[in-house]
Amino acid sequence: MSARTALVTGASSGIGRATALLLAREGYAVLAGVRKAEDGRSLADDARGELEPLMLDVTDPAAIEAAAAAVTEHSRGGGLDALVNNAGAAHTGPLEFVPLDDFRRQLEVNLVGQLAVTRAMLPALRQAKGRIVNVTSIGGLVSTPFYGPYCASKYALESVSDCLRAELRPWGIRTIIVEPGSVATEIWSSGNRLANEMRAELPPEAERLYGEALDAVTRISAETGARGIPPEEAARVIHKALAARWPRARYLVGRDAYGMKYASRLMPDRLWDAAVRRTLKLP
């Protein structure tokens with residue numbers, strides 16, 4: 001019996017890297033999408049099992065087309081058993097001043113890119129009756145001030161995933177959503193870097209209006225990333241979703257994700273907003 005084939009996007013670090021390594025250990029032939037050759041070499045060195053790095057930028061149509069061809073080649077025509085859409089970025093800032101090009105870029109990476117990869121892989125997924133796991137976020141269920149671009153992209157990916165789950169079911173393709181809370185990954189540091197770059201370009205009026213709040217959000221973001229769960233915990237949930245005979249439609253990951261989801265549902269909006277302001281120490 002040939003190995004099951006999996007494609008994992010955003011495998012350079014964090015959840016994607018942990019997932020690619022875990023699936024390889026569990027017997028999948030893994031194509032691990034990375035954007036830097038050195039990340040691919042690191043993955044290959046650490047892998048136990050069959051894992052091949054694949055240069056893949058989810059916003060590049062040519063790279064996506066090449067990835068689809070690689071899936072066909074490596075599966076020997078057997079199709080794609082698992083697609084893990086994990087690639088993502090985090091643009092933050094006050095919506096009043098976030099450059100619209102940054103907002104568009106956020107949607108392009110976290111939403112359009114995921115759909116583009118999925119569409120390219122559908123012939124192979126149909127052939128194997130494979131599964132799609134879309135990694136969203138608790139930020140796709142609960143909005144956080146100054147994370148507007150990121151939350152918008154993750155809310156939208158939740159919606160797209162729900163539609164795909166119904167639309168692709170006739171071919172035996174299951175679409176599953178994994179919703180992590182705080183995970184100790186590089187997205188926090190890269191998100192803060194992008195935020196600092198954006199802030200440096202803000203007009204003086206933006207700094208006057210939002211400077212104190214942005215200081216608080218940057219501080220809380222660093223603290224949140226530092227106490228996040230290991231990415232391996234999210235990877236185990238993704239593997240569980242791929243292996244389960246009857247997978248759930250969505251899986252929350254982490255205590256904070258559960259707490260935020262249910263607290264936001266139970267509390268009136270006015271009280272929830274006040275709790276968010278206190279938690280983030282916003283002015």
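Scanning segment 110-158 for residues being hydroxyl-bearing (Ser, Thr, Tyr), open to solvent by 30 Å² or more (accessible area, probe 1.4 Å) and not in a loop (DSSP other than H, G, I, E, B) gives a total of 2. Taking each residue of segment 141-164 that is more than 16 Å from LEU252 (Cα to Cα) and looking for partners that are of a type in the set (Lys, Arg) and part of a helix (DSSP H, G or I) with beta-carbon atoms closer than 9 Å, six or more apart or interchain, yields PRO145/ARG277; PRO149/ARG105. Scanning segment 100-109 for residues that are modelled with pLDDT of 95 or more and open to solvent by less than 60 Å² (accessible area, probe 1.4 Å) yields a total of 4.
In this structure, is PHE97 within 15 Å of LEU202 (Cβ to Cβ), at pLDDT 95 or above and open to solvent by 10 Å² or more (accessible area, probe 1.4 Å)? Criteria not met by PHE97.
Taking first residues from segment 38-52 that are outside any loop (DSSP other than H, G, I, E, B) and partners that are open to solvent by less than 100 Å² (accessible area, probe 1.4 Å) and among the aromatic types (Phe, Trp, Tyr), the Cβ contacts under 9 Å between residues at least 6 apart in sequence or on separate chains come to LEU51/TYR28.
Identify all residues within segment 161-182 that are under 14 Å from the mean Cα position of the chain (by Cα) and open to solvent by 40 Å² or more (accessible area, probe 1.4 Å); write none if there are none. Matches in segment 161-182: none. Note on segment 212-282: enclosed helices (runs of 4 or more DSSP H) holding 1 or more residues that are closer than 29 Å to THR5 by Cβ, open to solvent by less than 20 Å² (accessible area, probe 1.4 Å) and touching a residue at least 60 places away in the same chain (Cβ under 8 Å) are 231-243. If only residues of segment 53-80 that are in contact with a strand residue (DSSP E or B) (Cβ under 8 Å, 6 or more places away or on another chain), in a loop (DSSP other than H, G, I, E, B) and of a type in the set (Gly, Ala, Ser) are counted, the one that is surrounded by the most Cβ atoms within 10 Å (Cβ to Cβ) is SER75.
The values are calculated or read from the model by the stated rules, or taken from the named source; none is laboratory data. Everything quoted here is computed from the prediction, not taken from an experiment. Quick reminder, even Gly has a Cβ in these numbers, built from the backbone with ideal geometry, and neighbours come from all protein chains shown. Areas reflect the complete protein model, heavy atoms only, side chains present, ligands, DNA and RNA absent. Shrake-Rupley method; radii C 1.70, N 1.55, O 1.52, S 1.80 Å.
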